[in-house]
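The values are calculated or read from the model by the stated rules, or taken from the named source; none is laboratory data. Worth saying up front: this structure is predicted, and the values here are computed from it rather than measured. FYI the Cβ positions are ideal-geometry reconstructions off the backbone, even for glycines, and counts take in every protein chain you see.
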């Protein structure tokens, strides 16, 4: 139903122009009764001047539940409804004062995503909550030089205990701290490994998370100055897309691998004039990481990077400037539909969607702000280019992106004192 509705909406819009709110507000479909339960695992923080809200994005009208847990037990739970807007916002403060902990979101369908929106007086961090545990995943982008704090949070929402090894490579080589091996993560708990205490003074840390038994989800927590970032580990892949917002020239790409051998990679650049293939090449050392400054790529306005690697790897966008701190992964797939959970949910509702069309055909794209009175805009994205679309006026719980061709989408959050960049969640047609 939603595709039919969007088709009607697109037909009524003027091609290539951002629209005013549509007369017929976007409505969510009813959740199918046959959908199997879907869950997401969210890192949260409540206290010490920071608070977390869980944003839910979907096109489904259905019911769900969020349960916070710590020290092996439930700390509280609440039900939620995505309603006609296909969205929800769940304040953790109304559940329990948890400190650094986690929660399990039981979602009303498979095509639903949740995100942790962490805010403080000078902090903004937004990241989608992972849904699938991985036996090996990669995490990079953090550092532990003076004034910086990098933590790895291992989350186990399941009934059995988990055991995890962290294989950490820095500019000093393979790190041998015994606290990185055989980490026990009890059931319905999380373990926080403070790398600033274990490995201080490191400029670059590439981490392979290897699960020896049980299952965990992994999040990175990074603080530099007043602002901080929250992002999750990803499964290795050989093809990555990274949308880069306007003004992101001060950032860098981090290409990381858990393979015990040297690896090569190629960088393609997408800009206003299209794609430049083979713009740059590089090498990543065994189990290590290589930083690629975006300033070297001649980016002008919203852009995107494609990284093709010779061995499975992960690519992260690290953006630290006077505006704040942001770290997120790239996307290892394209899709015609993207969910941006938590987009527009931070105080002030400021932000934008960065949309890459890496294909060969022009894309007609509908960006919808999911809230009680959901509204939509349409843009055209020429083949091989990137657009950055400002937030629709007013606060939203989440955003969705629906395109006529496959795309990649990222959400940028801006507050007066911080920023966040969070890669979207693709909906893959089966």
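If you go through the stretch 366-389 and keep only what is under 17 Å from residue 304 (Cα atoms) and assigned to a strand (DSSP E or B), you end up with 380, 381, 385, 386, 387, 388, 389. Every condition in (1) closer than 13 Å to residue 206 by Cα; (2) in contact with a strand residue (DSSP E or B) (Cβ under 8 Å, 6 or more places away or on another chain) holds for residue 172 except the one numbered (2).
Scanning the stretch 201-214 for residues that are buried (at least 18 other Cβ atoms within 10 Å of the Cβ) and modelled with pLDDT of 95 or more gives 202, 205, 206, 207, 208, 209, 211, 214. Here is a check on your reading of the model: is residue 299 within 30 Å of residue 167 (Cβ to Cβ) and touching a helix residue (DSSP H, G or I) at 6+ places or on another chain (Cβ under 7 Å)? No: the conditions fail for residue 299. Residue 293 satisfies every condition listed in (1) buried (at least 16 other Cβ atoms within 10 Å of the Cβ); (2) without any contact (Cβ under 8 Å) to a residue 60 or more places away in the chain; (3) within 21 Å of the chain's Cα centre (by Cα) except (1).
In this entry, residue 193 passes the filter for residues that are surrounded by fewer than 24 Cβ atoms within 10 Å (Cβ to Cβ), modelled with pLDDT of 95 or more, within 30 Å of residue 417 (Cβ to Cβ) and in contact with a helix residue (DSSP H, G or I) (Cβ under 9 Å, 6 or more places away or on another chain). When residue 168 is tested against (1) part of a strand (DSSP E or B); (2) touching a helix residue (DSSP H, G or I) at 6+ places or on another chain (Cβ under 7 Å); (3) under 30 Å from residue 67 (Cα atoms), just one condition goes unmet, and that condition is (3). The set of residues in the stretch 171-181 that are over 20 Å from residue 220 (Cβ atoms) and either in a strand (DSSP E or B) or at pLDDT 95 or above (or both) comprises 173, 178. Residues in the stretch 404-430 that are crowded, with 24+ Cβ neighbours inside 10 Å and over 24 Å from residue 141 (Cα atoms): 407 only. Number of residues in the stretch 246-274 that are within 28 Å of residue 413 (Cβ to Cβ), outside any strand (DSSP E or B) and in contact with a strand residue (DSSP E or B) (Cβ under 7 Å, 6 or more places away or on another chain) equals 5. Answer yes if at least one residue in the stretch 266-283 is surrounded by fewer than 24 Cβ atoms within 10 Å (Cβ to Cβ), in contact with a helix residue (DSSP H, G or I) (Cβ under 6 Å, 6 or more places away or on another chain) and within 21 Å of residue 229 (Cα to Cα), and no otherwise. No, there is no match, as no residue in the stretch 266-283 is surrounded by fewer than 24 Cβ atoms within 10 Å (Cβ to Cβ), in contact with a helix residue (DSSP H, G or I) (Cβ under 6 Å, 6 or more places away or on another chain) and within 21 Å of residue 229 (Cα to Cα). For the stretch 99-149, a residue qualifies if it is in contact with a helix residue (DSSP H, G or I) (Cβ under 8 Å, 6 or more places away or on another chain) and under 28 Å from residue 60 (Cβ atoms), and exactly one does: 103. Among the residues of the stretch 224-259, just one is surrounded by fewer than 17 Cβ atoms within 10 Å (Cβ to Cβ) and closer than 16 Å to residue 290 by Cβ, namely 238. Please determine whether any residue of the stretch 416-426 is more than 30 Å from residue 150 (Cβ to Cβ), modelled with pLDDT of 95 or more and in a strand (DSSP E or B). Looking through the stretch 416-426, none of the residues is more than 30 Å from residue 150 (Cβ to Cβ), modelled with pLDDT of 95 or more and in a strand (DSSP E or B).
Before we move on, is residue 192 closer than 27 Å to residue 342 by Cβ, in a strand (DSSP E or B) and either in contact with a strand residue (DSSP E or B) (Cβ under 8 Å, 6 or more places away or on another chain) or in contact (Cβ under 8 Å) with a residue 12 or more places away in the chain (or both)? Give the derivation first.
Details: closer than 27 Å to residue 342 by Cβ: yes; in a strand (DSSP E or B): yes; either in contact with a strand residue (DSSP E or B) (Cβ under 8 Å, 6 or more places away or on another chain) or in contact (Cβ under 8 Å) with a residue 12 or more places away in the chain (or both): yes.
For residue 192, the condition - closer than 27 Å to residue 342 by Cβ, in a strand (DSSP E or B) and either in contact with a strand residue (DSSP E or B) (Cβ under 8 Å, 6 or more places away or on another chain) or in contact (Cβ under 8 Å) with a residue 12 or more places away in the chain (or both) - is met.
Among residues that are modelled with pLDDT of 95 or more, crowded, with 22+ Cβ neighbours inside 10 Å, under 21 Å from the mean Cα position of the chain (by Cα) and on the phi < 0 side of the Ramachandran plot, residue 400 is included.
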